[in-house]
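Step one of this worksheet: look at the structure below.
Rule-based calculations on the coordinates, nothing more; no lab input. Everything numeric here is computed off the predicted structure, so don't read it as measured data. Glycine also receives a Cβ, built like all others from the backbone with ideal geometry; neighbour counts cover every protein chain displayed.
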């Protein structure tokens with residue numbers, strides 16, 4: 001199987017891994033794969049094709065996507081498609097591929113995928129990771145009266161029509177797409193959850209991390225690692241921190257980046273919340289060591305979402321046997337995932353009292369934390385590894401060849 005994998009995120013090896021590098025490396029262990037990455041201009045001088053992680057990676061210089069305004073991100077989404085097509089023509093003109101693997105967002109990749117499908121006479125597989133532009137409507141970043149919305153909505157429909165198969169993160173993802181896109185045939189959609197490659201857990205806890213950040217072993221360490229943006233509902237996080245401001249039972253540790261990071265970090269400082277620590281970029285190995293020594297993994301999503309989201313940071317929490325405390329919207333089936341796995345607790349992210357009721361269960365009961373953490377690891381190993389993703393993709397390619 002020859003795979004052309006088009007993605008907006010593919011960190012270099014020294015920067016660690018994510019769900020996209022994991023699936024690419026797993027595919028590369030059995031098949032030929034070329035990765036095409038939309039690389040931000042602030043990170044690259046020119047488009048390059050180099051070997052990374054033992055496979056060819058074409059990094060295409062495009063505009064900036066992360067930690068920028070919505071307007072700048074939108075312009076990058078619009079202009080990147082022609083840049084990627086030109087790069088494919090220039091660097092991969094004589095290659096052959098059986099399947100085009102890509103994701104949405106960005107929804108502007110439809111033309112690129114259509115071009116690649118025609119050029120290589122290949123099928124395509126869409127990994128549906130978020131539902132845009134509806135998520136922007138939910139967060140009031142744009143309105144349905146806006147020409148920008150209608151442009152991106154048109155592009156979204158184009159992506160769905162272009163894809164041979166659409167893989168969705170959850171059952172409610174599938175239901176949502178079918179309900180809001182009547183032109184879709186249900187046979188075109190299937191379950192394709194986020195997956196990772198399980199690696200060896202760091203077991204040698206030598207107190208260095210807690211000592212380094214002056215975190216007592218008598219306190220429960222609750223970690224949030226990931227993006228700080230409008231989707232996370234920073235207002236609610238601030239309310240939670242104020243609720244536990246004087247608690248000696250818990251220490252909150254926030255690690256990540258995003259457009260709302262400075263706001264949250266400033267709030268913690270101004271409110272003098274001494275049991276909340278903040279970190280910017282840290283080496284991947286240090287982050288994993290923190291997860292190894294943490295007690296709870298935190299997940300936050302804004303309560304206003306009408307689209308079902310499945311946060312990818314769940315996978316690293318499961319991998320390191322962390323029970324999850326999640327506060328999200330009521331429309332996602334993420335709460336059902338946690339319930340099925342018996343790996344965490346949930347509340348709606350506009351109810352601080354409900355959060356406190358559930359979170360306190362984890363704070364007070366170390367055996368419950370241990371049990372749920374172990375359940376999460378078992379659920380990951382059984383259902384959410386890249387082996388499962390590759391099996392799904394291979395099934396479709398084998399069907400195509402018959």
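Taking the 0 to 90 degree range and rounding to the nearest ten, how far is the long axis of helix 352-364 tilted relative to the main principal axis of the chain, both from C-alpha atoms?
Value to nearest ten degrees: 70.
Any idea how far apart residue 31 and residue 180 come out in nm if each label point goes 7 Å out from Cα toward Cβ?
Distance between label points: 2.9 nm.
Give, in nm to one decimal, the length gained when the segment between residue 235 and residue 199 is fully stretched (0.36 nm per residue of separation minus the Cα-Cα distance).
Additional length available on full extension: 9.5 nm.
Expected output is a single nm value to one decimal: the length gained when fully extending between residue 242 and residue 2, i.e. 0.36 nm times separation in residues minus the C-alpha distance. What is it?
Working it through step by step, the gained length comes to 81.1 nm.
Over the chain, what is the percentage of antiparallel beta bridges among all DSSP beta bridges, to the nearest 5?
Percentage antiparallel, nearest 5: 10.
Given R₀ = 41 Å, what would the calculated FRET efficiency be for residue 139 paired with residue 274, taking r from the Cβ atoms and rounding to 0.05?
The pair residue 139/residue 274 has a calculated efficiency of 0.85.
So what is the orientation-averaged projected area of segment 104-239, using the convex hull of its C-alpha atoms, in nm²?
13.0
With each run of n ≥ 4 DSSP H residues scored as -39500 (n - 2.57), what mean residue ellipticity at 222 nm is computed for the chain after dividing by its residue count and rounding to the nearest 500 deg cm²/dmol?
Helices in the chain give a 222 nm mean residue ellipticity of -13000 deg cm²/dmol.
Got the relative contact order for segment 1-160 handy, in percent, Cα pairs under 8 Å and 6 or more residues apart?
That works out to 19 percent.
For segment 208-382, what relative contact order do you get, as a whole percent, if you take Cα pairs closer than 8 Å and at least 6 residues apart?
Taking the mean separation of contacting Cα pairs over the length of segment 208-382, I get 22 percent.
Taking the convex hull of the alpha carbon atoms in the chain, what volume per residue do you get, in Å³?
140
Mind checking which of 326, 38, 28 has the largest fluctuation in a GNM of the chain, springs on alpha carbons under 10 Å?
Per the Cα network of the chain with a 10 Å cutoff, 28 tops the list.
If I fit a long axis through the Cα atoms of helix 19-28 and take the longest principal axis of the Cα atoms of the chain, what angle between them do I get, 0 to 90°, rounded to 10?
50
Sort 125, 120 so that the residue with the fewest other Cβ atoms within 10 Å of its own Cβ comes first and the one with the most comes last.
Lowest count first: 120, 125.
With the cut-off at 1.5 for a/c, could you classify segment 1-135 from its C-alpha gyration tensor as rounded, prolate or oblate?
Verdict is rounded for segment 1-135.
Determine the relative contact order of segment 77-183: mean sequence separation of Cα pairs under 8 Å and six or more apart, normalised by residue count, in whole percent.
Across segment 77-183, relative contact order equals 27 percent.
Taking 0.36 nm per residue of sequence separation and subtracting the Cα-Cα distance, how much length would be gained by fully extending the chain between residue 216 and residue 370, in nm to one decimal?
53.6 nm
Exposure proxy check: 198, 347, 168 ranked by fewest other beta carbons within 10 Å?
Ascending number of Cβ neighbours within 10 Å: 198, 347, 168.
Kindly express, to the nearest 10 degrees and within the range 0 to 90, the angle between helix 386-401's C-alpha long axis and the longest C-alpha principal axis of the chain.
20
Residue 51 versus residue 281, label points 7 Å from Cα toward the beta carbon: distance in nm?
Spacing of the two 7 Å Cα→Cβ label points: 2.7 nm.
State, to one decimal in nm, how far the label point of residue 383 lies from the label point of residue 361, with both points 7 Å from Cα in the Cβ direction.
Taking the two extended label points, one gets 1.7 nm.
Given a Förster radius of 45 Å and the C-beta distance between residue 93 and residue 64 as r, what FRET efficiency does 1/(1 + (r/R0)^6) yield to the nearest 0.05?
0.95
Quick one: order 328, 48 by neighbouring beta-carbon count within 10 Å, fewest to most.
With the sparsest Cβ surroundings first, the list reads 48, 328.
Translational D (Stokes-Einstein, µm²/s) of segment 208-382 at 25 °C and 0.890 mPa s when Rh comes from the Kirkwood sum over C-alpha pairs?
Estimated via Stokes-Einstein, D reaches 153 µm²/s.
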